[in-house]
1. Using alpha-carbon pairs under 8 Å, 6+ residues apart, how would you state the relative contact order of segment 18-154 in percent?
2. Using the beta-carbon distance between residue 273 and residue 125 and R0 = 30 Å, what value does 1/(1 + (r/R0)^6) give for FRET efficiency, to the nearest 0.05?
3. Which order, highest average first, do 161-171, 186-196 follow once you tally other Cβ atoms within 10 Å for each residue and take the mean per peptide?
4. Would you kindly state how much longer the chain becomes between residue 257 and residue 167 on full extension, computed as 0.36 nm times their sequence separation minus their alpha carbon distance, in nm to one decimal?
5. Relative to the longest principal axis of the chain, what angle (0 to 90°, nearest 10) does the C-alpha long axis of helix 26-35 take?
6. What is segment 147-206 by shape, rounded, prolate or oblate, if you read a ≥ b ≥ c off the alpha carbon gyration tensor as root eigenvalues and call it rounded for a/c under 1.5, prolate for a/b larger than b/c, and oblate otherwise?
7. With everything on Cα atoms, drop me the angle between helix 101-137 and the longest principal axis of the chain, reported from 0 to 90° to the nearest 10.
8. Which of these values of mean projected area of the Cα convex hull in nm² was calculated from the structure shown: (1) 21.2; (2) 16.8; (3) 19.4?
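What follows is calculated from the coordinates using simple rules that are stated; it is not laboratory data. Computed from a predicted model, the values in this text were never measured in an experiment. Positions of Cβ are backbone-derived with ideal geometry, glycine not excepted, and every protein chain shown enters the neighbour counts.
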């Protein structure tokens with residue numbers, strides 16, 4: 001490749017408005033705008049704490065055991081009297097089989113975050129690939145992808161998820177695959193729109209002029225400059241996926257006992273709401289706080305990445 005070609009390709013990699021993707025300070029600018037949204041920062045801190053709890057759940061449960069003087073706190077095995085109220089020994093009390101509720105809620109963060117992140121990564125990957133192909137090539141590829149998304153979006157999401165889980169069997173892997181397979185349509189539509197906006201701009205024309213292949217143009221130029229809306233939607237989608245997993249478990253078609261799923265715990269707690277409200281309150285509170293945190297971070301990212309807010 002000649003020096004002129006290298007220079008042209010370098011120019012083609014710049015974002016059409018000021019070359020922000022090549023600007024080392026671009027991330028710092030986004031972070032600066034993100035910090036202005038105090039609720040989003042709080043949400044990010046909460047997500048960080050949840051990830052910490054998920055990664056170090058055994059150590060956290062051992063800490064409770066050491067402080068409370070309880071020899072064993074297994075989230076899947078009952079070793080204490082049933083339905084004890086919150087105390088120094090059992091911070092969140094025990095459930096109907098004598099299992100420590102704090103341990104189950106902490107380990108439940110692992111289940112929720114695993115399902116949330118994994119299913120969204122799968123859905124986003126499918127959506128980006130199909131959306132890029134539809135937006136860049138158009139014609140019959142665009143028609144096929146968009147008509148498929150129209151049909152899929154017209155179907156009731158939770159009913160279809162229940163049907164697929166029942167058909168393929170109840171397991172966390174099945175839930176992840178089902179939620180990922182049902183969640184790519186919106187990503188594809190959003191990314192397709194971004195690709196259509198970007199592909200007629202000058203930096204794409206420059207890449208074509210120096211002989212870049214379609215694959216290279218899409219992967220190296222269009223995807224980095226079109227991915228921002230998908231990142232925002234994916235962040236919001238994690239909360240939706242966590243809620244969907246909890247809903248499936250609550251309805252009896254999700255996680256299987258004794259898996260410490262928040263949805264299962266909420267299902268068991270609703271029957272004892274009057275006599276033992278702690279059985280419902282703690283898993284429901286963690287679920288609600290998690291969803292609100294991801295929603296707040298998604299809103300903060302949307303504002304931080306909005307080009308209209310750049311100064």
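1. Relative contact order, segment 18-154: 16 percent.
2. In this case the efficiency is close to 0.15.
3. Listed from highest to lowest mean packing, they are 186-196, 161-171.
4. Here the answer is 30.5 nm.
5. Tilt of helix 26-35: around 40 degrees.
6. Prolate, since a/c reaches 1.5 and a/b exceeds b/c.
7. For helix 101-137, the angle is close to 20 degrees.
8. Computed from these coordinates, mean projected area of the Cα convex hull in nm² corresponds to label (3).
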